[in-house]
Amino acid sequence: MTRSTIQNDLIRVAMVDDHAAVRLGLEAAISSRPGLVSVGVVDGPEALAPLLYRARPDVVILDYRLPRTNGLVLCRRVKAQPLHPAVLLYSAYADQALVVPALLAGADGLVHKGGPARELLDAIRVVAGGGRWLPPLRPDLLRDAGTALDPEDLPVLGMLSEGTPRPEIAATLRLDAAELDRRIGRMLASLRPER
Amino acid sequence: MIRRVSLFWRVIAINGAVLVAAALVLALSPITVSDRVVVAEAVLLTVGAMVALVVNLALLRRVFEPLERLTELTRRVDPLLPGQRLELERSVGEVGELSSAFNDMLDRLERERLDSARRALAAQEHERRRIAHELHDEIGQTLTGVALQLDVLADLVGPDLRPRVTALQESARTGVEEVRDIARGLRPEALDEFGLRSALVSLSTMVADRSGVRIEPRLARDLPELDKDDELVIYRIAQESLTNVARHAHATRADVILERENAAVVLRVRDDGRGMGGRTEESGTGMRGMRERALLVGASLEIGPVAPHGTEVRLVVPTPADP
């Protein structure tokens, strides 16, 4: 049972973005669409945990570039919680290069920040309903990610890109959830040489 | 050991020898000089002095010849082709010392030039990164927020105002895109965040989308570790080459190939366009910039035609030998 059914089909959306103009725009866009309600907008990662606890959003929109951290790190943290909301990564650039890391971090959607509000609102609906909103994964990017990863980890990437749920991946590979998570962390690290 | 005799003593020795020879000729020959010099004697003395002078000239000329060659070589040293050094196989002391001092100076100048060019480039990259971040984080975000607000507004206004709001929406969105492109051109975020390979794939996709040229990145799996400067040079040269392909080449497809070759990483950007035609390799500041960047990491850059038509840019970046 998803939270949206509890809340009379109203989709509760929370946002993390460090820029005031974007926060204002997002709130305006969300409150303009019937069926969506903004339950909180915060400017940094520190305020997110209390917001999740207090407001119980169905969808969290995470800016990719955040002070002291980034949307991927935050996304993993959100997804690690029981009864986690859907996560939309909202990124201004590096979109192609971000698809595989977004997939690994467990994001349900990746929305380009320059796109029209309609696209974001559609994406919110889709991920709130349990769907995914990721750009098509270009074969060369997948191949390229494949070369950077440990061959042992490739089945994980393959199943994630097909949308296989994590418990199912863990079961297929005979791993427990923590072990799968550790491996995904390792994969993310090898795709991101900076951190 | 004769080479160790200094120029000064050579000149003294030659002059001395000529003078002694002249004195001997005067003493041993039947030539006499009267108290009052007669015309015939004057002529003879003049001729003798001239002969001594010519002999002196011929001998000294030989001695100074290496110095002239040194001057000539010095003039030919080209700062854009580092590594040139003076070589005088037959030279006297001072000239040998001068040319080795000159070579030392070239060493120091080249080192200093390389260091200062590196510093300048590092400062430039730092500045570019700062400007890119500021453009993206400030103006870009403000415009994104404005565009979102306008999207909302477009649904609220009546049909009479809608075309105006739509025009505003388009301007704001164009602004977002422009800021993004400028920021990306200044500093490829993908390179910092996801490494060279992802950055090259992203770059290829972007140029292909924009220009309609089919661009295929072929990036080898077994690349050795590259340091940050090398990666940046490879990225920038790929960027410059693809920009040239999109702008000037009239190409339909291009390949971006990154592979390992012996102890080097080789980048090749090859297109099937009309080639360089009449343009020389060095024309355009882009090419010069590429060459200077390559020089800084000790890489070499070649630009040439490929069969049947098109151009290939080939960058060879030596990697440190395996320990």
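The values are calculated or read from the model by the stated rules, or taken from the named source; none is laboratory data. If you're wondering where the values come from, they're calculated on a predicted model, not measured in any experiment. Quick note on the areas: whole protein, heavy atoms, side chains included, nothing else; ligands and nucleic acids left out. Shrake-Rupley method; radii C 1.70, N 1.55, O 1.52, S 1.80 Å.
Please compute one quarter of the surface area of the Cα convex hull for the range B:39-184 and express it in square nanometres. Please report the intermediate quantities before stating the final value.
Details: hull surface 73.3 nm².
Projected area, direction-averaged: 18.3 nm².
Give the ranking of A:Tyr53, B:Tyr235 by solvent-accessible surface, highest area first, calculated with a 1.4 Å probe.
Values: A:Tyr53 175, B:Tyr235 10 Å².
Descending order: A:Tyr53, B:Tyr235.
Can you sort B:Lys228, A:Lys113, A:Lys79 by solvent-accessible area, 1.4 Å probe, largest first?
B:Lys228, A:Lys79, A:Lys113
Under 5 Å between amide hydrogens, which residues at least 5 positions from A:Asn70 or on another chain qualify, with H placed 1.01 Å from N in the peptide plane?
So A:Asn70 has HN proximity to no qualifying residue.
Under the definition of Cα pairs under 8 Å and six or more residues apart, what whole-number percent is the relative contact order of the range B:47-206?
On the way: 76 pairs, mean separation 27.6, N = 160.
Relative contact order of the range B:47-206: 17 percent.
Report, to the nearest 10°, how far helix B:39-76 tilts away from the longest principal axis of the Cα atoms in chain B, using its own Cα long axis and a range of 0 to 90°.
20
Take the protein assembly as shown, compute every pairwise Cα distance, and split them into 10 Å bins from 0; I just need the percent in each bin.
Calculated over all Cα pairs of the protein assembly as shown, the distribution is 3, 14, 19, 18, 13, 8, 6, 5, 4, 3, 3, 2, 1, 0 percent.
Regarding the range A:3-128, what is the average projected area of its C-alpha convex hull, in nm²? Walk me through the intermediate numbers first.
Working: hull surface 27.6 nm².
So the mean shadow area of the Cα hull is 6.9 nm².
So what are the range B:2-112's ellipsoid semi-axes, whole angstrom, largest first, if each one is the square root of 5 times an eigenvalue of the alpha-carbon gyration tensor?
On the way: eigenvalues 414, 36, 14 Å².
Equivalent ellipsoid of the range B:2-112: 45, 13, 8 Å, largest first.
What relative contact order, as a whole-number percentage, does the range A:82-168 give when Cα pairs under 8 Å and 6 or more residues apart are counted? Working shown, then result.
On the way: 78 pairs, mean separation 24.8, N = 87.
Over the range A:82-168, the number comes to 29 percent.
Roughly speaking, what % of Cα-Cα pairs in the range A:63-195 are separated by over 17 Å, rounded to a whole number? Kindly include the intermediate steps, with their values, before the conclusion.
Values: 5096 of 8778 pairs.
So the pairs more than 17 Å apart make up 58 percent of the total in the range A:63-195.
For helix B:162-186, what angle does its Cα long axis make with the longest principal axis of chain B, in degrees from 0 to 90 and rounded to 10?
30
Of B:Val245, B:Val25, which has the most accessible area and how do the rest follow, probe 1.4 Å?
Listed by decreasing accessible area, they come as B:Val25, B:Val245.
Check A:Val87: other-chain or 5+ apart residues with amide H under 5 Å from its amide H, H built from backbone geometry?
A:Val60, A:Asp108, A:Gly109
Per the Kirkwood treatment, what hydrodynamic radius in Å, one decimal, follows for the range B:81-139 from the mean inverse distance over all distinct Cα pairs?
Working: mean 1/r = 0.0683 Å⁻¹.
Evaluated over the range B:81-139, this radius sits at 14.6 Å.
At a threshold of 8 angstrom on Cα-Cα distance, excluding pairs fewer than six apart, so keeping six or more, what relative contact order does the range B:9-93 reach in percent? Mind showing how you got there, number by number?
Values: 28 pairs, mean separation 27.0, N = 85.
Relative contact order for the range B:9-93 comes out at 32 percent.
Name the residues whose placed amide hydrogens come within less than 5 Å of the amide hydrogen of B:Arg253, ignoring near sequence neighbours (fewer than 5 apart) on the same chain.
Residues meeting the amide H criterion: B:Arg214, B:Asp272.
Compute the Rg/Rh shape ratio of chain B: radius of gyration over Kirkwood radius, all on alpha-carbon atoms.
Details: Rg = 35.0 Å, Rh = 26.3 Å.
Looking at chain B, the ratio lands at 1.33.
Give me the one-decimal Kirkwood hydrodynamic radius in Å for the range A:32-94, with the sum taken over alpha-carbon pairs. Each step should come with its number before you reach the end.
Numbers: mean 1/r = 0.0814 Å⁻¹.
The answer is 12.3 Å.
Please list, short to long, the whole-number percent of alpha-carbon pairs of the range B:189-323 in consecutive 10 angstrom bins beginning at zero.
13, 45, 35, 7, 0
Averaged over every viewing direction, what's the projected area of the C-alpha convex hull for the range B:212-255? Give it in nm², one decimal, please.
If I average the Cα hull's projected area over directions, I get 3.4 nm².
Jot down the per residue volume, in cubic angstrom and as a whole number, of the convex hull over the alpha-carbon atoms of the range A:139-191. Spell out each step's value before the answer.
Details: hull volume 3.5 nm³, N = 53.
Dividing the Cα hull volume of the range A:139-191 by its residues yields 65 Å³.
Taking θ = phi - 60°, what integer Hz values does the Karplus form 6.51 cos²θ - 1.76 cosθ + 1.60 yield along the range B:211-220, in sequence order, with x for Gly and Pro?
9, x, 6, 7, 10, 10, x, 10, 10, 5
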